[in-house]
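Student: Pasting a structure below so you can have a look.
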Amino acid sequence: MSAPPPVPARTTEPLANGDTARASLEALRSEIAKAVVGQDPAVTGLVVALLCRGHVLLEGVPGVAKTLLVRALAASLELDTKRVQFTPDLMPSDVTGSLVYDARTAEFSFQPGPVFTNLLLADEINRTPPKTQSSLLEAMEERQVTVDGVPRPLPDPFLVAATQNPVEYEGTYPLPEAQLDRFLLKLTVPLPSRDEEINVLTRHSEGFNPRDLASVGIRPVAGPADLEAARAAVARTKVSPEIAGYVVDICRATRESPSLSLGVSPRGATALLSTARAWAWLTGRDYVIPDDVKALALPTLRHRLHLRPEAEMEGITPDSVITSVLAHVPVPR
(Lines give C-alpha, C1' and ligand atoms only; values in the text may rest on other atoms or scores of the structure.)
Protein backbone atom coordinates (compact mmCIF):
# COMPACT_ATOMS: atom_id res chain seq x y z
CA MET A 1 0.00 0.00 0.00
CA SER A 2 1.37 3.43 -0.96
CA ALA A 3 1.92 6.10 1.64
CA PRO A 4 -1.03 8.44 2.32
CA PRO A 5 -0.93 11.94 0.79
CA PRO A 6 0.52 14.82 2.85
CA VAL A 7 -1.86 16.35 5.39
CA PRO A 8 -3.12 19.84 4.48
CA ALA A 9 -1.60 22.71 6.46
CA ARG A 10 -4.85 23.48 8.30
CA THR A 11 -4.64 20.16 10.19
CA THR A 12 -1.08 20.69 11.41
CA GLU A 13 -2.07 21.68 14.97
CA PRO A 14 -4.39 18.73 15.68
CA LEU A 15 -1.76 16.34 14.31
CA ALA A 16 0.88 17.89 16.58
CA ASN A 17 -1.40 17.36 19.55
CA GLY A 18 -1.97 13.79 18.40
CA ASP A 19 1.77 13.16 18.10
CA THR A 20 2.33 14.48 21.60
CA ALA A 21 -0.50 12.31 22.91
CA ARG A 22 0.95 9.24 21.16
CA ALA A 23 4.31 9.85 22.80
CA SER A 24 2.65 10.20 26.20
CA LEU A 25 0.70 6.97 25.80
CA GLU A 26 3.78 5.13 24.57
CA ALA A 27 5.56 6.31 27.72
CA LEU A 28 3.02 4.32 29.73
CA ARG A 29 4.86 1.14 28.73
CA SER A 30 8.14 2.20 30.36
CA GLU A 31 6.36 3.41 33.48
CA ILE A 32 4.37 0.20 33.91
CA ALA A 33 7.52 -1.84 33.25
CA LYS A 34 8.97 -0.39 36.46
CA ALA A 35 6.49 -2.55 38.37
CA VAL A 36 5.38 -5.31 35.96
CA VAL A 37 7.74 -7.67 34.16
CA GLY A 38 6.66 -8.55 30.62
CA GLN A 39 2.92 -8.58 29.78
CA ASP A 40 3.38 -6.15 26.86
CA PRO A 41 0.24 -7.42 25.03
CA ALA A 42 -1.89 -6.71 28.10
CA VAL A 43 -0.41 -3.22 28.46
CA THR A 44 -1.13 -2.50 24.79
CA GLY A 45 -4.68 -3.79 25.19
CA LEU A 46 -5.33 -1.45 28.11
CA VAL A 47 -4.09 1.53 26.08
CA VAL A 48 -6.28 0.53 23.12
CA ALA A 49 -9.30 0.31 25.44
CA LEU A 50 -8.60 3.82 26.76
CA LEU A 51 -8.52 5.14 23.18
CA CYS A 52 -11.80 3.39 22.29
CA ARG A 53 -13.66 4.26 25.52
CA GLY A 54 -13.98 0.53 26.15
CA HIS A 55 -13.63 -1.81 29.10
CA VAL A 56 -11.15 -4.64 29.63
CA LEU A 57 -11.44 -8.10 31.14
CA LEU A 58 -8.12 -9.58 32.30
CA GLU A 59 -8.09 -13.34 32.79
CA GLY A 60 -5.35 -15.45 34.30
CA VAL A 61 -4.50 -17.73 37.18
CA PRO A 62 -3.89 -16.11 40.58
CA GLY A 63 -0.49 -14.55 41.04
CA VAL A 64 0.36 -13.35 37.52
CA ALA A 65 0.16 -9.61 38.39
CA LYS A 66 -3.30 -8.82 36.94
CA THR A 67 -4.13 -6.41 39.76
CA LEU A 68 -0.62 -4.97 39.83
CA LEU A 69 -0.84 -4.28 36.09
CA VAL A 70 -4.00 -2.19 36.46
CA ARG A 71 -2.66 -0.39 39.54
CA ALA A 72 0.53 0.47 37.65
CA LEU A 73 -1.55 1.81 34.76
CA ALA A 74 -3.55 3.98 37.15
CA ALA A 75 -0.37 5.31 38.76
CA SER A 76 0.96 6.23 35.30
CA LEU A 77 -2.15 8.27 34.45
CA GLU A 78 -3.42 11.50 35.93
CA LEU A 79 -6.81 9.92 36.53
CA ASP A 80 -8.91 9.20 39.60
CA THR A 81 -9.00 5.48 40.34
CA LYS A 82 -10.79 3.22 42.79
CA ARG A 83 -10.59 -0.50 43.53
CA VAL A 84 -13.39 -2.88 44.50
CA GLN A 85 -12.61 -6.39 45.72
CA PHE A 86 -15.54 -8.47 44.46
CA THR A 87 -16.56 -11.04 47.07
CA PRO A 88 -19.61 -13.33 47.47
CA ASP A 89 -21.18 -10.97 50.03
CA LEU A 90 -20.75 -7.77 47.98
CA MET A 91 -24.05 -5.95 47.34
CA PRO A 92 -24.93 -3.91 44.21
CA SER A 93 -25.19 -0.72 46.30
CA ASP A 94 -21.61 -1.29 47.46
CA VAL A 95 -20.59 -0.62 43.86
CA THR A 96 -23.06 1.98 42.58
CA GLY A 97 -23.89 3.86 45.78
CA SER A 98 -27.17 4.29 47.66
CA LEU A 99 -29.54 6.74 49.29
CA VAL A 100 -28.59 7.59 52.86
CA TYR A 101 -30.94 9.17 55.39
CA ASP A 102 -29.64 12.39 56.94
CA ALA A 103 -31.19 12.87 60.37
CA ARG A 104 -30.20 16.55 60.44
CA THR A 105 -32.18 17.45 57.33
CA ALA A 106 -34.73 14.59 57.55
CA GLU A 107 -34.00 13.87 53.87
CA PHE A 108 -32.35 11.15 51.82
CA SER A 109 -29.15 12.04 49.99
CA PHE A 110 -27.22 10.02 47.43
CA GLN A 111 -23.87 8.64 48.53
CA PRO A 112 -21.82 7.78 45.40
CA GLY A 113 -20.20 4.37 45.24
CA PRO A 114 -16.70 3.56 43.96
CA VAL A 115 -18.00 3.32 40.39
CA PHE A 116 -17.90 7.13 40.27
CA THR A 117 -14.29 7.33 39.15
CA ASN A 118 -12.20 7.39 35.98
CA LEU A 119 -10.60 3.97 36.29
CA LEU A 120 -12.43 1.29 38.26
CA LEU A 121 -10.48 -1.83 39.13
CA ALA A 122 -13.04 -4.60 39.58
CA ASP A 123 -10.84 -7.21 41.21
CA GLU A 124 -11.89 -10.85 40.75
CA ILE A 125 -15.25 -9.87 39.30
CA ASN A 126 -16.33 -13.47 38.85
CA ARG A 127 -16.17 -14.17 42.59
CA THR A 128 -19.36 -12.22 43.22
CA PRO A 129 -22.89 -13.49 42.35
CA PRO A 130 -24.59 -12.41 39.09
CA LYS A 131 -26.84 -9.88 40.89
CA THR A 132 -23.84 -7.82 41.93
CA GLN A 133 -22.08 -8.35 38.59
CA SER A 134 -25.12 -6.89 36.85
CA SER A 135 -24.83 -3.67 38.87
CA LEU A 136 -22.10 -2.66 36.44
CA LEU A 137 -24.14 -3.22 33.26
CA GLU A 138 -25.68 0.25 33.07
CA ALA A 139 -22.45 1.92 34.13
CA MET A 140 -20.42 0.16 31.45
CA GLU A 141 -22.88 0.69 28.61
CA GLU A 142 -24.63 3.98 29.40
CA ARG A 143 -21.85 5.66 31.43
CA GLN A 144 -24.40 6.43 34.15
CA VAL A 145 -25.96 4.95 37.28
CA THR A 146 -29.68 5.13 38.03
CA VAL A 147 -30.66 5.14 41.70
CA ASP A 148 -34.24 5.76 42.81
CA GLY A 149 -35.18 6.60 39.23
CA VAL A 150 -32.59 9.38 38.91
CA PRO A 151 -29.79 8.88 36.33
CA ARG A 152 -26.40 10.10 37.52
CA PRO A 153 -23.64 10.48 34.89
CA LEU A 154 -20.21 9.00 35.49
CA PRO A 155 -16.97 10.93 34.97
CA ASP A 156 -15.28 11.01 31.58
CA PRO A 157 -13.08 9.13 30.90
CA PHE A 158 -14.54 6.03 32.54
CA LEU A 159 -13.03 2.58 32.18
CA VAL A 160 -13.67 -0.69 34.00
CA ALA A 161 -10.65 -2.96 34.21
CA ALA A 162 -11.92 -6.24 35.63
CA THR A 163 -9.81 -9.23 36.59
CA GLN A 164 -11.07 -12.78 36.79
CA ASN A 165 -9.76 -16.24 37.46
CA PRO A 166 -10.65 -19.09 35.10
CA VAL A 167 -14.13 -20.41 35.93
CA GLU A 168 -12.86 -23.88 36.75
CA TYR A 169 -11.46 -22.50 40.01
CA GLU A 170 -13.68 -22.91 43.09
CA GLY A 171 -15.97 -20.09 44.18
CA THR A 172 -16.36 -18.39 40.82
CA TYR A 173 -19.47 -17.38 38.85
CA PRO A 174 -19.21 -17.28 35.03
CA LEU A 175 -20.02 -13.86 33.62
CA PRO A 176 -23.26 -13.86 31.58
CA GLU A 177 -23.05 -13.18 27.83
CA ALA A 178 -24.76 -9.78 28.26
CA GLN A 179 -22.00 -8.61 30.58
CA LEU A 180 -19.17 -10.16 28.58
CA ASP A 181 -20.39 -8.21 25.55
CA ARG A 182 -19.88 -4.97 27.50
CA PHE A 183 -16.13 -5.59 27.55
CA LEU A 184 -14.29 -4.28 24.52
CA LEU A 185 -11.35 -6.64 25.05
CA LYS A 186 -10.63 -9.86 26.88
CA LEU A 187 -6.92 -10.12 27.57
CA THR A 188 -5.25 -13.28 28.80
CA VAL A 189 -2.41 -12.81 31.27
CA PRO A 190 -0.10 -15.82 30.93
CA LEU A 191 2.50 -17.19 33.30
CA PRO A 192 5.89 -15.52 32.83
CA SER A 193 8.80 -17.14 31.05
CA ARG A 194 11.70 -18.52 33.09
CA ASP A 195 13.84 -15.40 32.53
CA GLU A 196 10.93 -13.11 33.40
CA GLU A 197 10.22 -15.05 36.58
CA ILE A 198 13.88 -14.80 37.60
CA ASN A 199 13.60 -11.04 37.01
CA VAL A 200 10.52 -10.91 39.26
CA LEU A 201 12.31 -12.75 42.07
CA THR A 202 15.38 -10.53 41.70
CA ARG A 203 13.26 -7.41 42.06
CA HIS A 204 11.59 -8.76 45.20
CA SER A 205 14.93 -9.76 46.70
CA GLU A 206 16.11 -6.19 46.12
CA GLY A 207 13.19 -4.80 48.12
CA PHE A 208 10.43 -4.25 45.55
CA ASN A 209 7.08 -3.72 47.29
CA PRO A 210 4.09 -4.20 44.94
CA ARG A 211 1.89 -2.30 47.43
CA ASP A 212 4.05 0.83 47.20
CA LEU A 213 4.32 1.78 43.54
CA ALA A 214 5.66 5.23 44.35
CA SER A 215 8.82 3.61 45.72
CA VAL A 216 9.76 2.29 42.25
CA GLY A 217 9.43 5.73 40.69
CA ILE A 218 6.17 5.38 38.76
CA ARG A 219 4.82 8.82 37.92
CA PRO A 220 1.92 10.12 35.81
CA VAL A 221 3.02 10.51 32.18
CA ALA A 222 -0.38 11.08 30.54
CA GLY A 223 -3.66 12.69 31.50
CA PRO A 224 -7.18 13.51 30.27
CA ALA A 225 -5.90 16.06 27.73
CA ASP A 226 -3.64 13.45 26.15
CA LEU A 227 -6.51 10.97 25.97
CA GLU A 228 -8.80 13.53 24.37
CA ALA A 229 -6.22 14.46 21.73
CA ALA A 230 -5.46 10.79 21.07
CA ARG A 231 -9.12 9.89 20.67
CA ALA A 232 -9.60 12.75 18.21
CA ALA A 233 -6.63 11.48 16.20
CA VAL A 234 -7.99 7.92 16.22
CA ALA A 235 -11.33 9.24 14.95
CA ARG A 236 -9.49 10.68 11.92
CA THR A 237 -7.90 7.33 11.09
CA LYS A 238 -9.16 6.27 7.66
CA VAL A 239 -11.02 3.01 7.01
CA SER A 240 -11.39 1.93 3.38
CA PRO A 241 -14.50 0.06 2.17
CA GLU A 242 -12.29 -2.99 1.62
CA ILE A 243 -11.20 -3.01 5.29
CA ALA A 244 -14.78 -2.58 6.48
CA GLY A 245 -15.79 -5.51 4.28
CA TYR A 246 -12.92 -7.58 5.68
CA VAL A 247 -14.11 -6.99 9.26
CA VAL A 248 -17.66 -7.94 8.30
CA ASP A 249 -16.52 -11.10 6.51
CA ILE A 250 -14.55 -12.23 9.57
CA CYS A 251 -17.52 -11.74 11.88
CA ARG A 252 -19.98 -13.39 9.50
CA ALA A 253 -17.64 -16.37 9.16
CA THR A 254 -17.84 -16.98 12.92
CA ARG A 255 -21.65 -17.19 12.66
CA GLU A 256 -21.27 -20.01 10.15
CA SER A 257 -18.72 -21.99 12.17
CA PRO A 258 -20.00 -25.49 13.06
CA SER A 259 -18.12 -25.26 16.37
CA LEU A 260 -20.14 -22.28 17.60
CA SER A 261 -23.69 -21.86 18.79
CA LEU A 262 -23.21 -18.08 18.89
CA GLY A 263 -20.98 -16.05 16.60
CA VAL A 264 -19.90 -12.42 16.63
CA SER A 265 -22.73 -9.87 16.58
CA PRO A 266 -22.67 -6.57 14.66
CA ARG A 267 -21.63 -4.92 17.94
CA GLY A 268 -18.58 -7.17 17.92
CA ALA A 269 -17.80 -6.12 14.34
CA THR A 270 -17.99 -2.46 15.38
CA ALA A 271 -15.67 -3.20 18.30
CA LEU A 272 -13.12 -4.89 16.03
CA LEU A 273 -13.09 -1.93 13.66
CA SER A 274 -12.62 0.48 16.58
CA THR A 275 -9.71 -1.43 18.10
CA ALA A 276 -8.04 -1.84 14.70
CA ARG A 277 -8.22 1.93 14.17
CA ALA A 278 -6.70 2.58 17.58
CA TRP A 279 -3.89 0.10 16.91
CA ALA A 280 -3.21 1.65 13.49
CA TRP A 281 -2.86 5.08 15.10
CA LEU A 282 -0.61 3.76 17.87
CA THR A 283 1.72 2.29 15.25
CA GLY A 284 1.99 5.68 13.54
CA ARG A 285 -0.45 5.37 10.63
CA ASP A 286 -3.61 7.33 9.83
CA TYR A 287 -5.17 4.45 7.88
CA VAL A 288 -6.08 0.84 8.75
CA ILE A 289 -4.53 -2.18 7.05
CA PRO A 290 -5.58 -5.87 7.30
CA ASP A 291 -2.74 -6.61 9.74
CA ASP A 292 -4.33 -4.19 12.22
CA VAL A 293 -7.56 -6.18 12.09
CA LYS A 294 -5.70 -9.46 12.53
CA ALA A 295 -3.69 -8.10 15.47
CA LEU A 296 -6.81 -7.21 17.46
CA ALA A 297 -9.13 -10.02 16.36
CA LEU A 298 -8.37 -12.42 19.22
CA PRO A 299 -8.71 -10.04 22.20
CA THR A 300 -11.72 -8.28 20.67
CA LEU A 301 -13.72 -11.36 19.63
CA ARG A 302 -12.75 -14.31 21.88
CA HIS A 303 -15.29 -13.50 24.62
CA ARG A 304 -18.12 -12.93 22.13
CA LEU A 305 -18.18 -16.54 20.91
CA HIS A 306 -20.16 -19.39 22.44
CA LEU A 307 -18.86 -22.90 21.78
CA ARG A 308 -21.11 -25.89 21.24
CA PRO A 309 -20.74 -28.49 24.03
CA GLU A 310 -19.42 -31.11 21.62
CA ALA A 311 -16.77 -28.68 20.36
CA GLU A 312 -15.60 -28.01 23.93
CA MET A 313 -15.29 -31.76 24.49
CA GLU A 314 -13.06 -31.95 21.43
CA GLY A 315 -10.74 -29.32 22.90
CA ILE A 316 -11.74 -26.52 20.52
CA THR A 317 -11.36 -23.02 21.95
CA PRO A 318 -12.65 -19.60 20.84
CA ASP A 319 -9.08 -18.62 19.98
CA SER A 320 -8.66 -21.63 17.68
CA VAL A 321 -11.95 -20.80 15.93
CA ILE A 322 -10.88 -17.19 15.33
CA THR A 323 -7.44 -18.28 14.11
CA SER A 324 -9.08 -20.66 11.64
CA VAL A 325 -11.44 -17.93 10.41
CA LEU A 326 -8.53 -15.52 9.88
CA ALA A 327 -6.73 -18.19 7.86
CA HIS A 328 -9.70 -18.76 5.53
CA VAL A 329 -11.28 -15.31 5.03
CA PRO A 330 -9.73 -13.64 1.95
CA VAL A 331 -7.52 -10.66 2.80
CA PRO A 332 -8.19 -7.52 0.73
CA ARG A 333 -5.34 -6.39 -1.52
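Student: What is region 251-333's relative contact order, in percent, from Cα pairs under 8 angstrom and six or more apart in sequence? Mind showing how you got there, number by number?
Tutor: Numbers: 95 pairs, mean separation 28.2, N = 83.
Relative CO of region 251-333 lands at 34 percent.
Student: Sticking with this structure for a sec: For the chain, which semi-axes, largest first and in whole Å, follow from the square roots of 5 times the eigenvalues of its Cα gyration tensor?
Tutor: Working: eigenvalues 193, 136, 110 Å².
Ellipsoid semi-axes (Å, largest first): 31, 26, 23.
Student: Here's a follow-up. Taking the alpha-carbon set of region 157-280, what are its Rg and Dmax in Å?
Tutor: 19.9, 54
Student: Hey, what's the Cα Rg ratio for region 18-177 versus the globular rule of thumb, 2.2 N^0.38 Å? Show your work: numbers first, answer last.
Tutor: Values: Rg = 17.0 Å, N = 160, 2.2 N^0.38 = 15.1 Å.
That ratio works out to 1.12.
Student: Still on this structure: Could you state the per residue volume, in Å³, of the convex hull enclosing the Cα atoms of region 209-256?
Tutor: 158 Å³
Student: While we're here: 5 Å is the cut-off here: which amide hydrogens, built 1.01 Å from N in the peptide plane, fall below it relative to GLY97, excluding neighbours closer than 5 in sequence?
Tutor: Those qualifying (amide H under 5 Å, at least 5 residues apart or on another chain) are GLY113.
Student: Please go through region 236-327 and write out the GluC sites (Glu not before Pro) that DSSP classes as loop and that have at most 12 other C-beta atoms within 10 Å. Please report the intermediate quantities before stating the final value.
Tutor: Numbers: sites: GLU242, GLU256, GLU310, GLU312, GLU314; in loops: GLU256, GLU314.
Loop-located and lightly packed - GLU256, GLU314.
Student: Continuing with this model, one more query. Positive end of the dipole of the chain, charges at C-beta (+1 Lys, Arg; -1 Asp, Glu), about the Cα centre: which of GLY315, VAL216, TYR173 has its Cα farthest in that direction?
Tutor: Checking the options against the dipole of the chain, the answer is VAL216.
Student: Another one. Once R0 is set to 25 Å, what does the formula 1/(1 + (r/R0)^6) return for the Cβ-Cβ distance between GLU196 and GLU78, expressed as a FRET efficiency to the nearest 0.05? Don't skip to the answer; put the middle values down first.
Tutor: Values: r = 29 Å, r/R0 = 1.16.
Given R0 = 25 Å and the Cβ-Cβ separation, E is 0.30.
Student: Okay, next question. Given a 10 angstrom Cα cut-off, can you work out which residue in ALA35, ALA276, ALA106 is the most mobile in a GNM of the chain?
Tutor: Comparing ALA35, ALA276, ALA106 in the GNM, the peak value goes to ALA106.
Student: May I ask you to work out the translational diffusion coefficient for region 288-333 at 4 °C, viscosity 1.567 mPa s, via Stokes-Einstein with Rh from the Kirkwood sum over Cα pairs, reported in whole µm²/s? Before the final figure, lay out the partial values.
Tutor: Values: Rh = 11.6 Å.
This corresponds to a translational diffusion coefficient of 112 µm²/s.
Student: So if we plug the beta-carbon distance of SER261 and LYS131 into 1/(1 + (r/R0)^6) with R0 = 22 Å, what FRET efficiency do we get, rounded to 0.05?
Tutor: Working: r = 26 Å, r/R0 = 1.16.
For SER261 and LYS131, the calculated efficiency is 0.30.
Student: From the protein chains alone at 1.4 Å, what is the descending order of accessible area for HIS55, HIS306, HIS328, largest first? Don't skip to the answer; put the middle values down first.
Tutor: On the way: HIS55 5, HIS306 75, HIS328 145 Å².
Per-residue accessible area, sorted high to low, gives HIS328, HIS306, HIS55.
Student: What's the center-to-center distance, using Cα atoms, between region 295-324 and region 59-111 in Å?
Tutor: That distance is 31 Å.
Student: Please tell me the relative contact order of the chain in percent, rounded to the nearest whole number, where contacts are Cα pairs under 8 Å and at least six residues apart.
Tutor: Computed over the chain, the figure is 21 percent.
Student: I would also like to ask the following. What are the GluC sites (Glu not before Pro) within region 144-197 that DSSP puts in a loop, where the Cβ has at most 11 other Cβ atoms within 10 Å? Please report the intermediate quantities before stating the final value.
Tutor: Values: sites: GLU168, GLU170, GLU177, GLU196, GLU197; in loops: GLU168, GLU170.
Answer in residue order: GLU168, GLU170.
Student: Roughly speaking, to the nearest percent, how much of the chain's 1.4 Å accessible area is carbon and sulfur? Please list the in-between numbers first.
Tutor: Numbers: 8990 of 16330 Å².
Result for the chain: 55 percent of the exposed heavy-atom area is carbon or sulfur.
Student: Further question: With N set to the number of residues, divide the alpha-carbon radius of gyration of region 232-326 by 2.2 N^0.38 Å and report two decimals. Before the final figure, lay out each step's value.
Tutor: Details: Rg = 13.9 Å, N = 95, 2.2 N^0.38 = 12.4 Å.
For region 232-326, the normalised Cα radius of gyration is 1.12.
Student: Continuing with this model, one more query. For every helix of n ≥ 4 consecutive DSSP H residues, a contribution of -39,500 (n - 2.57) applies; sum these over the chain, divide by its total residues, and give [θ] at 222 nm rounded to the nearest 500 deg cm²/dmol. Walk me through the numbers on the way to the answer.
Tutor: Working: 14 runs with 147 residues, N = 333.
Value at 222 nm, helices only, nearest 500: -13000 deg cm²/dmol.
Student: Another question, then. Per residue, how much accessible surface does the chain expose to a 1.4 Å probe? Answer in Å², no decimals.
Tutor: Numbers: 16330 Å² over 333 residues.
Heavy-atom SASA per residue in the chain reads 49 Å².
Student: How large is the direction-averaged shadow of the alpha-carbon convex hull of region 81-155, in nm²?
Tutor: 5.4 nm²
Student: Below 8 Å between Cα atoms, with a sequence gap of 6+, how large is the relative contact order for region 181-333 in percent? If you can, show how the numbers build up before the last one.
Tutor: On the way: 153 pairs, mean separation 42.3, N = 153.
With pairs under 8 Å counted, the relative contact order is 28 percent.
The values are calculated or read from the model by the stated rules, or taken from the named source; none is laboratory data. A quick note: this is a predicted structure, and the numbers were derived from the prediction, not measured. All Cβ positions, glycine included, derive from the backbone under ideal geometry; neighbour counts span all protein chains shown. Quick note on the areas: whole protein, heavy atoms, side chains included, nothing else; ligands and nucleic acids left out. Shrake-Rupley method; radii C 1.70, N 1.55, O 1.52, S 1.80 Å.
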